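Asks: My structure is below; once you've seen it, I'll send some questions.
The values are calculated or read from the model by the stated rules, or taken from the named source; none is laboratory data. This is a predicted model, so every value here is computed, not measured. Counting neighbours? That spans all protein chains shown, and the Cβs are built from the backbone with ideal geometry, glycine included.
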Amino acid sequence: MPFSTTAFNVLIMLAYAIPGFILIKTKSVKQEAISAFAMFLLFVCQPCLSVYSFNTADYTPELGISLLIFFFASLILQVLMLFVVYLIFKRKYKENPEYRICTVASVLGNTGFFGVPLLQALLPEYPNAIVFSAVFIVGMNLISWTLSSALLTGDKKYMSLKKILLNPVMLTLIISLPLFLTRTKLPGTGADNEALPGTLSYIIALLGKMTTPISMLILGMRLGLTKVRDLFMDLKVYIVAFFKLIAFPLVGMAAAYTLPLEPYIKATLIILFCCPTASTVLNFSELFGTGQKTAAKLVLTSTLFCVITIPVLLTFIKV
């Protein structure tokens, strides 16, 4: 994939953070309001993005098999990488709890808020790439609401069956998966799977597409509350950036080429692995009230660094 095209699209997404930065600097929005934006993103926009993604694809048995392979491959790789990073950082948990945030931030990627628009820009001729991103997001969010939540809080209650089954991701699947498998479209979906204005499908699509602007808006707000000097004086941001932006994508790239999947599906997996640290890490830190500043720094710096790492890594990808 051309370096310039990829870099341009990454920069466009980063531009969404500017209004958030301005709102904080002009004191138009108070710091306390950021958590409300995060709640709206987690409990409204993200579920709608999942429903919208499944609604854009037409189920076939072949697609179903590929989705299953993709789901388990992405889930297993994320869990394995999380375990490896946990082993590296766990000794530092007592002396500095911020390393709990670092563990999660080294693995979870901004696949929904950053990855989906990137896929739409880089793989426009493969619309089914979006449904693969939805499957990836399902696995990542299952990890977020269980393993990651347990790591962030130090509370094993998040590893319960209840937490696995009763979270926004699984509740959304109860709606979207049966519709997808039965090839039932949301009311107002056109013949080309595009949402028609003024319909339920359009509302869901609109709320789903708001995930990128709102997540970047929150990012900009956090940037407005952070001294730029502090962003780059913390060794942890470089360690996390290495794991998330270089080590993990390379592992994903090596694994992708061993899977019995079409080239565009392998490219989709690699693109999603290349995404910077998930805004979800920041959203969950806001939700749990722990390590918000560290989470913000890790998300901000990895997002800034990915302007270079994503275009460089994706130059090796051919579809």
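Asks: For the range 5-23, indicate whether the set of residues that are crowded, with 21+ Cβ neighbours inside 10 Å, farther than 25 Å from residue 271 by Cα and at pLDDT 90 or above is non-empty.
Replies: yes
Asks: Go over the candidates 252, 220 one by one and state the one that is part of a helix (DSSP H, G or I), of a type outside the set (A, V, I, L, M, F, W, C) and either touching a Pro at 6+ places or on another chain (Cβ under 6 Å) or closer than 27 Å to residue 39 by Cβ (or both).
Replies: Details: 252 fails: either touching a Pro at 6+ places or on another chain (Cβ under 6 Å) or closer than 27 Å to residue 39 by Cβ (or both).
Exactly one of 252, 220 is part of a helix (DSSP H, G or I), of a type outside the set (A, V, I, L, M, F, W, C) and either touching a Pro at 6+ places or on another chain (Cβ under 6 Å) or closer than 27 Å to residue 39 by Cβ (or both), namely 220.
Asks: Test residue 79 against the criterion of being touching a residue at least 24 places away in the same chain (Cβ under 8 Å) and not in a helix (DSSP H, G or I), and give yes or no.
Replies: So residue 79 fails the test.
Asks: Additional query: Within the range 276-292, identify whether any single residue is part of a loop (DSSP other than H, G, I, E, B), closer than 29 Å to residue 64 by Cβ and either touching a residue at least 40 places away in the same chain (Cβ under 8 Å) or among the β-branched types (Val, Ile, Thr) (or both), and answer yes or no.
Replies: So far as the range 276-292 goes, yes, one or more of its residues are part of a loop (DSSP other than H, G, I, E, B), closer than 29 Å to residue 64 by Cβ and either touching a residue at least 40 places away in the same chain (Cβ under 8 Å) or among the β-branched types (Val, Ile, Thr) (or both).
Asks: Looking only at the range 58-71, count every residue that is β-branched (Val, Ile, Thr) and surrounded by 13 or more Cβ atoms within 10 Å (Cβ to Cβ) and tell me the total.
Replies: 1
Asks: Taking the range 255-275 on its own, how many of its residues are within 21 Å of residue 145 (Cα to Cα) and not in a helix (DSSP H, G or I)?
Replies: First, pick out the residues of the range 255-275 that are within 21 Å of residue 145 (Cα to Cα): 272-273, 275.
Those left that are additionally not in a helix (DSSP H, G or I): 275.
Here the count works out to 1.
Asks: Let me ask something additional. Which of the residues that make up the range 145-185 are at pLDDT 70 or above and of a type in the set (Phe, Trp, Tyr)?
Replies: Residues satisfying the conditions are 145, 180.
Asks: Say whether the condition of being over 26 Å from residue 259 (Cβ atoms) and in contact with a Gly (Cβ under 6 Å, 6 or more places away or on another chain) is met by at least one residue in the range 75-86.
Replies: No, the range 75-86 contains no residue that is over 26 Å from residue 259 (Cβ atoms) and in contact with a Gly (Cβ under 6 Å, 6 or more places away or on another chain).
Asks: Next question, about the same structure. Do we have residue 74 as modelled with pLDDT of 90 or more, surrounded by 14 or more Cβ atoms within 10 Å (Cβ to Cβ), within 15 Å of the chain's Cα centre (by Cα) and small (Gly, Ala, Ser) here?
Replies: On the way: modelled with pLDDT of 90 or more: yes; surrounded by 14 or more Cβ atoms within 10 Å (Cβ to Cβ): yes; within 15 Å of the chain's Cα centre (by Cα): yes; small (Gly, Ala, Ser): yes.
Taking the combined requirement at face value, the residue satisfies it.
Asks: Could you check the range 192-202 and list, in sequence order, the residues that are surrounded by 17 or more Cβ atoms within 10 Å (Cβ to Cβ) and assigned to a helix (DSSP H, G or I)?
Replies: Correct list: 201, 202.
Asks: Restricting to the range 1-28, count the residues that are under 25 Å from residue 227 (Cα atoms) and either in a loop (DSSP other than H, G, I, E, B) or of a type in the set (Val, Ile, Thr) (or both).
Replies: 9
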